[in-house]
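One structure is given below, encoded as structure tokens.
Nothing in this text is a laboratory measurement; each read-out follows from the coordinates by a stated rule. Quick caveat, the model's predicted, so the values are computed rather than measured. As a convention, Cβ positions derive from the backbone with ideal geometry for all residues, glycine included, and neighbour counts pool all protein chains shown.
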Amino acid sequence: MKNIITALLITLALSGCEKVLDLKYKDNKSSLIIEGNITNESGPYFVKLSRSVKLTATGDYPVVDGALVIISDDAGNTDTLMAKGNGIYQTNTINGIENRTYTLVVRVDNEVYTAHSTMPAFVPFDSIKVETIKVVGDTQYNLIPVYTDPVYKGNNYRFVLTVNDKLINQHFVQQDDVRNGVVNTSRLEINDDDLELKKGDTISMEMQCVDDSVALYYKTLALIGDSGPGGGTTPNNPRNNISNGALGLFSAHTSVYKGVKILF
């Protein structure tokens, strides 16, 4: 009986110490989100405009229509994009060409946003090597994109991974700051908690040659925690190449695709 009474007294004392905390925070303001790409593949290319929502809001990001969107290059070509609705704007005439610098200008609600991106030289993507390793009797797989890095330094590669027709929401970047001018032997740093490769899986991989600012953006996203399909905006959005406080990214890059099936 004495133990029971002691336990009740302790419980009452602890419950008396409870306090409801009313957390106060400054709500974030809505920002323009710009998602645009121009590649070495045939156009048209697209820019999507939307707005971020407050921390207390739910639902999708609202799209932004009625903007003026222009893409130009350093060869004197200018293209005013066509509004397709639902926040999508489509190019008409401009082409993606290696080693050219592209400028994106967006005018909306009396604000102007600009971004610059240079399309690097194309690097061939030879194949995907599937490396098998044994861990405590289990078979695990590594994916190694096989390409030969050029002899000049400063190359950046971004990889977009699809497994069994499902886009993997992780960000993969490789650079030549350590291994320059050689055949790549480094695997993709896949988060095994989100993806466990197995026999029979069909792999599709896009290799993009990107400039320094784009590589830094996706590398930071990977460090943050891989939350956002193909480079979506996160609560801790990394530094990007767009002015005036806009979120998102504008990327001029080359693209090439390879596929493989895990057979063993």
Here, Thr185 and Asp109, labelled 7 Å along Cα→Cβ, have an inter-label distance in nm of 5.3 nm
For all pairs of alpha-carbon atoms in the range 88-167, what percent lies in each bin of width 5 Å, listed from the first bin to the last filled one?
-> 3, 8, 12, 15, 14, 14, 12, 7, 6, 4, 2, 1, 0
For Val256, distant residues with modelled amide H under 5 Å away = Met207
Env charge @ Tyr102, Cβ radius under 12 Å, K,R +1 / D,E -1, value -4
List, in order, the whole-Hz ³J(HN,Hα) value for each residue of the range 196-210 obtained from phi through the Karplus relation with A = 6.51, B = -1.76, C = 1.60 and θ = phi - 60°; use x for Gly and Pro.
-> 10, 5, 8, 4, x, 5, 9, 10, 10, 9, 9, 9, 10, 8, 10
12 Å beta-carbon shell around Ser117, net charge (K/R +1, D/E -1) | -3
Note down the nm distance, to one decimal, between modelled labels 7 Å out along Cα→Cβ at Ala83 and at Thr132.
-> 5.7 nm
Taking one equal scatterer on every alpha-carbon of the range 113-264, how large is log10 of I(q)/I(0) by Debye at q = 0.17, 0.20 1/Å?
-> -1.02, -1.32
What is the packing order of peptides 130-141, 195-206, taking the mean over residues of other C-beta atoms within 10 Å and listing the highest first?
-> 195-206, 130-141
Quick one: grab the alpha carbon gyration tensor of the range 136-197, order the square roots of its eigenvalues as a ≥ b ≥ c, and give me rounded if a/c is under 1.5, else prolate or oblate depending on whether a/b is larger than b/c.
-> prolate
